[in-house]
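Step one of this worksheet: look at the structure below.
The values are calculated or read from the model by the stated rules, or taken from the named source; none is laboratory data. Only a predicted model underlies this, so the values are computations on that prediction, with no experimental measurement involved. Cβ atoms come from the backbone with ideal geometry, glycine included; neighbour counts cover every protein chain shown.
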Amino acid sequence: MAKPKKTASGTYRIQTNVKGVTEEQLQRVAEQLPRKSRGRLEMVGARFAEGRWQMERRMQILCSLPQYSRLLDTHAGFMPWVLAQGIKNARAKLTDVLLWWCDCKCPGCGGVKLGKMAICETCKGFGTREVPHEAEGMLISEHIGEHVDRARCSTIAALKLMKGLKVVAAQAVSLARH
C-alpha cells in the first residue's frame, strides 16, 4: 500500500477527488457476483461492493497517517473525551467519524450536489454524506468541529499578531538605518 505524501504545508491529505469506477469495471465486478433471476447481472450489488472497497481503502490510508495514533491516544487525543461520554465501541466510532472528517463528500455526486439529470439522490443536494453512527457520531463530530474552530481562531489571531510584529520590525530596521 502506498503511503500518503506530505504536502508543502506539512500536512497529509487523502485524495478525495478520485473518479468512481467506470461502467466496464462495474460490469466485471457484477459478473463475479451471483446472478439475479433470468440471468441478469447484479449491478446494485456491484456498486455496493465498489463503495465498500472505497471505504476500506480510505480507512487504510487514514490508519497509515502519523497523526492517527495521536488522535486516538488514550491520554491526549479525542479518545478520553469519547470514553467520558459513555459511547460504546468508542475506538471504532471515533475512527469512522475521523474518516468522515477526512472525506465527507457524497460518493454519488462527488460533492457537486447534482446527479446525472437533477439533484443527487444520494445526498439530496447537500453534497456531503451523513455522519456515521447517527447521534453518537454527530456528538463526536461536533466536538472535533469545536477543536477545529478553536485552532482556526488561534491561527487567525497569530497571523494578526505576526502582521503587527512585522510592522514593528520594519520600523526598527528603518530607524537603525538612519
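For this structure, a couple of remarks:
- Candidates Lys36, Lys19, filtered to the one that is at pLDDT below 70, of a type in the set (Lys, Arg) and under 25 Å from Lys105 (Cα atoms): Lys19
- Subset tally (residues that are surrounded by 17 or more Cβ atoms within 10 Å (Cβ to Cβ), in contact (Cβ under 8 Å) with a residue 24 or more places away in the chain and among the hydrophobic types (A, V, I, L, M, F, W, C)) for segment 74-93: 3
- Test: Lys163 is part of a helix (DSSP H, G or I) and loosely packed, with under 13 Cβ neighbours inside 10 Å: yes
- Check on Leu98, among the aliphatic types (A, V, I, L, M), under 21 Å from Ile144 (Cα atoms) and either modelled with pLDDT of 85 or more or in contact with a His (Cβ under 9 Å, 6 or more places away or on another chain) (or both): yes
- Val173 assigned to a helix (DSSP H, G or I), farther than 21 Å from Arg57 by Cα and β-branched (Val, Ile, Thr): yes
- Listed by first and then second residue, the pairs with beta-carbon distance under 9 Å, at least 6 apart or on different chains, first residue in segment 62-73 and farther than 13 Å from Arg91 by Cβ, second of a type in the set (Gly, Ala, Ser) and assigned to a helix (DSSP H, G or I), form an empty list.
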